Amino acid sequence: MTRPALPDPLPHPVVDNHCHLDVARGDETALPVEEALSLAASVGVPRVVQIGCDLEGARWAVATAEEHTQVVAGVALHPNEAPRHAEQGDLDEALAEIRRLAAHPQVRAVGETGLDYFRTGPEGREAQDASFRAHVRLARELDRTLVIHDRDAHDDVLRVLDDVGAPDRWVMHCFSGDARFARECLDRGAHLSFAGTITFKNAEALRGALRVAPLDRLLVETDAPYLTPVPHRGRTNASYLVPLTVRAAAEVRGDDLAEVCRALEANTFVAFGGAWG
């Protein structure tokens, strides 16, 4: 199966601040890491944050960041992993392993953690809440960026952050709220990361959030291999498709493309504790 064509390169480098290089989609295999990074760099995306969402993925993220200077890692138990570990009776042990991995110097982020009420029902929410709180405390303790997954759980995500206290740097991954929710997150110090969903026809509320966010709080991501931007929606995403989302964001906001790119790179370095690669 052919993959989407390379888009035109960006006028200034940006960072894909959330991808899953190890994850395959459907019946496709994941791109080899070297190829994925090379293709991304060729269109102006020379750095990525590789996110591990379970213990195997977290270990892989750290190992990949050790091997490739363009990559830094985020490690966590995804919110939908927490109930599974709780059912197995090993949630505390899994969180202890995440703690060990998060201390690695190539790890910049604790995440993606958070709450997901779409795929996990009420019976799993207690475990999600406990796991989320543990990750927030870990990010604060280790001075890591907190990366939050929020699906159908806006109010409870903010409730937990208000209870525990957000770390100095935190990111709403694949921001999915409207302008009102964007302002609530921004008031608490968040960076808002926008994905290919801003290009979807039914995403006007999301584009409203994009318009109200200050330029210095914007980030861009793929969440590859998911959330592929139009015109390739439904196909496998990759970091080399970031330019499609960046161009769409600049158009929605009415901003100069090069200015947006410069801001996105600078914002990512601020959000994730400095430049790398």
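Please treat every number below as a calculation from the coordinates, not as lab data. A quick note: this is a predicted structure, and the numbers were derived from the prediction, not measured. No Cβ is skipped: glycine too gets one built from the backbone with ideal geometry, and neighbour counts run over all protein chains shown.
Overview of values
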{"read-out": "Chymotrypsin sites (Phe, Trp or Tyr not before Pro) restricted to DSSP loop in segment 146-221 with at most 16 other C-beta within 10 Å", "value": "Phe200"}
{"read-out": "Cα-projected label distance for Glu87 with Glu66, points at 7 Å along beta-carbon direction, nm", "value": "3.2 nm"}
{"read-out": "About the Cα centre, charge dipole magnitude for the chain (Lys/Arg +1, Asp/Glu -1 at Cβ), debye", "value": "660 debye"}
{"read-out": "Compactness of the chain, expressed as Rg and Dmax over alpha-carbon positions, Å", "value": "17.2, 52"}
{"read-out": "Cut-off 10 Å between beta-carbons: net charge of the residues surrounding Val72, Lys and Arg +1, Asp and Glu -1", "value": "+2"}
{"read-out": "Relative contact order (%) - criterion: Cα under 8 Å, at least six apart; region: the chain", "value": "22 percent"}
{"read-out": "Positive minus negative residues near Cys174 (Lys, Arg vs Asp, Glu; Cβ under 11 Å)", "value": "-3"}
{"read-out": "Stretchable slack from Lys201 to Arg262, in nm (0.36 nm times residue separation minus alpha-carbon distance)", "value": "19.3 nm"}
{"read-out": "Separation in nanometres of the label points that stand 7 Å from Cα toward Cβ, at Arg137 and Ala103", "value": "1.6 nm"}
{"read-out": "Those residues of segment 64-79 whose amide nitrogen sits under 17 Å from the label point placed on Ala275, 7 Å along Cα→Cβ", "value": "69-72"}
